[in-house]
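Remarks on the structure that follows.
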Amino acid sequence: MTDDAKALRLRTAREKAGYEKAIDAVRAFGWPQSTYLGHENGSRGFKDDAAKKYARAFKVSPEWLAFGRGQINRRTLRIGGEVGAGAVVLPFDADQNDWTRGSIEGPPDLLGDALPLVIRGDSQSPVYQDGDIVIIDGAVSANEADGAECVVELADGRKLLKMVHLQTNGLVTLESYNARIMMDQAVEAFHPVAWVKRARRKHND
């Protein structure tokens with residue numbers, strides 16, 4: 001079963017991403033030529049997994065590409081966890097279909113592996129307040145993370161929201177707003193904070 005509207009959205013996404021011809025995208029991403037061309041010209045339908053792959057490549061919303069919902073450059077993001085005392089990240093269940101914890105509409109063009117985390121408590125005041133939401137992006141290299149605020153994954157399994165400072169010995173110093181500095185840390189992954197959504201504040205007259 002084909003879907004001409006879906007095929008048109010795929011073509012639009014490819015052109016928006018700067019690939020003038022379908023073959024240009026095929027070569028850039030190493031996709032099977034006949035498969036992709038069939039998806040784009042509407043002679044072959046494509047399923048959700050393929051839509052997610054194409055959306056990631058062309059940096060568009062997978063919901064828009066697959067179903068025509070929402071905007072081409074915005075997607076609904078599932079809340080993935082909380083950041084509590086000591087800047088410790090507590091991830092929710094890894095089930096990507098569990099939306100019961102809530103969701104937010106992401107900012108324009110922040111797609112890919114973006115994941116929102118909710119700040120809980122006042123341990124990171126005044127920079128973050130209870131209810132603020134930070135959105136982290138996909139993993140970057142240690143050099144890219146140097147000097148940036150990131151969720152880091154330590155070798156012992158902990159996940160923390162910290163400022164990253166590379167040391168000359170290959171280890172990392174981690175700094176936060178209201179917690180002790182952690183030196184000589186082995187970090188396995190760095191996820192930079194890409195965007196912050198402030199919670200509504202109550203003002204006393």
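Just a few scattered comments:
- Identity of the residue in region 148-163, among the acidic types (Asp, Glu) and part of a strand (DSSP E or B), that ends up nearest to VAL127 (Cα to Cα): GLU149
- Test: residue in region 136-146 that is free of Cβ contacts under 8 Å to residues at least 60 places away in the same chain, over 16 Å from PRO91 (Cα atoms) and over 20 Å from the mean Cα position of the chain (by Cα): no
- Residue that is surrounded by the fewest Cβ atoms within 10 Å (Cβ to Cβ) [pool: residues in region 172-189 that are among the charged types (D, E, K, R) and more than 13 Å from ALA148 (Cα to Cα)]: ARG180
- For the residues VAL193, VAL172, the requirement of being within 14 Å of the chain's Cα centre (by Cα) and β-branched (Val, Ile, Thr) singles out VAL193.
Quick grid of which residues meet (1) within 29 Å of THR100 (Cβ to Cβ); (2) acidic (Asp, Glu); (3) under 19 Å from the mean Cα position of the chain (by Cα); (4) exposed (fewer than 13 other Cβ atoms within 10 Å of the Cβ):
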site: TYR19; (1), (2), (3), (4): no, no, no, no
site: ILE23; (1), (2), (3), (4): no, no, no, yes
site: TRP31; (1), (2), (3), (4): no, no, no, no
site: SER34; (1), (2), (3), (4): no, no, no, yes
site: GLY38; (1), (2), (3), (4): no, no, no, no
site: ALA57; (1), (2), (3), (4): no, no, yes, no
site: PHE67; (1), (2), (3), (4): yes, no, no, no
site: LEU77; (1), (2), (3), (4): yes, no, yes, no
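- From the list ASP48, ASP3, ASP109, ASP95, the one residue that fits, being at pLDDT below 90 and at positive phi, is ASP109.
- Remark: VAL60 falls outside the filter, which requires a residue to be touching a residue at least 60 places away in the same chain (Cβ under 8 Å), within 29 Å of LEU161 (Cα to Cα) and not acidic (Asp, Glu).
- For region 110-118, the criterion of being more than 11 Å from the chain's Cα centre (by Cα) and in the same structural domain as VAL89 (by TED's automatic domain parsing) is met by at least one residue.
- Contact annotation: residue pairs with Cβ atoms under 6 Å, 6 or more positions apart or on different chains, pairing a residue in region 20-33 that is farther than 18 Å from LYS59 by Cβ with a partner that is assigned to a helix (DSSP H, G or I) and at pLDDT 95 or above, are GLN33/VAL26.
The values are calculated or read from the model by the stated rules, or taken from the named source; none is laboratory data. Because the structure is predicted, anything quoted here is derived from the model rather than measured. Don't worry about glycine lacking a Cβ; one is built from the backbone with ideal geometry, like all the others, and counts go over all protein chains shown.
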